[in-house]
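The block underneath contains the structure these notes are about, expressed in structure tokens.
The values are calculated or read from the model by the stated rules, or taken from the named source; none is laboratory data. This one's a predicted model, so the numbers in the text were calculated from it and none came from an experiment. Don't worry about glycine lacking a Cβ; one is built from the backbone with ideal geometry, like all the others, and counts go over all protein chains shown.
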Amino acid sequence: MFKNSILGGLLLSLSIYTQAEIWEDYALSEEIIEHTVIAVQGNYLDDYLVRLERTWVRSMEVQKELGYVTDYSILVSTAADSPNVWLNVEYPNMAAYQPNEEKWNKVNEILAERYSDDEEELDAIAKGYEEIRTMIDHQILHKVTYK
């Protein structure tokens, strides 16, 4: 008991004199990660992932080819009820994340060229998402690097 109180007191006194400073003790990456958390209704996970491949993944592939995004990923939990899907998009910096009409038009132009035969079906898929999923959270994250 006595040893724990001494150790606790020592740690408390050190924490009073130790203050972390951004850029001095750690840095935030210029790269950002857009992190979206989704709850897909039970028994619809497989269907959602197939739909996602036909819409979101195609768009991410085009954006990656154009250099608008660095990478993307889909994470799933087959054990969790909710949430059970996490979408991550990595951007080189905050400027690349900002909406831009020129980029939007370029991505849609390429998608239309590649998948014009599927346009009506893809529109129906996108509209059907709301029936099987709920967006839980959306964050813009930076990686931390300690100095």
Would you point out the residue of segment 9-48, among those that are among the charged types (D, E, K, R) and at pLDDT below 95, that is farthest from A79 (Cα to Cα)? E24
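One line per residue, one yes/no per condition, for (1) of a type in the set (S, T, N, Q); (2) without any contact (Cβ under 8 Å) to a residue 40 or more places away in the chain; (3) touching an Asp or Glu at 6+ places or on another chain (Cβ under 9 Å):
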| site | (1), (2), (3) |
| --- | --- |
| N43 | yes, yes, no |
| L49 | no, yes, no |
| Q63 | yes, no, no |
| L66 | no, no, no |
| T78 | yes, yes, no |
Residues of segment 125-147 that turn out to be more than 22 Å from P92 (Cα to Cα) and either small (G, A, S) or not in a strand (DSSP E or B) (or both), as a count: 8
Which residue pairs have Cβ atoms under 8 Å apart, sit 6 or more places apart or on different chains, and have a first residue in segment 124-147 that is over 30 Å from S29 (Cα atoms) and a second that is of a type in the set (A, V, I, L, M, F, W, C) and assigned to a strand (DSSP E or B)? I132/V40; R133/I38; R133/A39; R133/V40; R133/V85
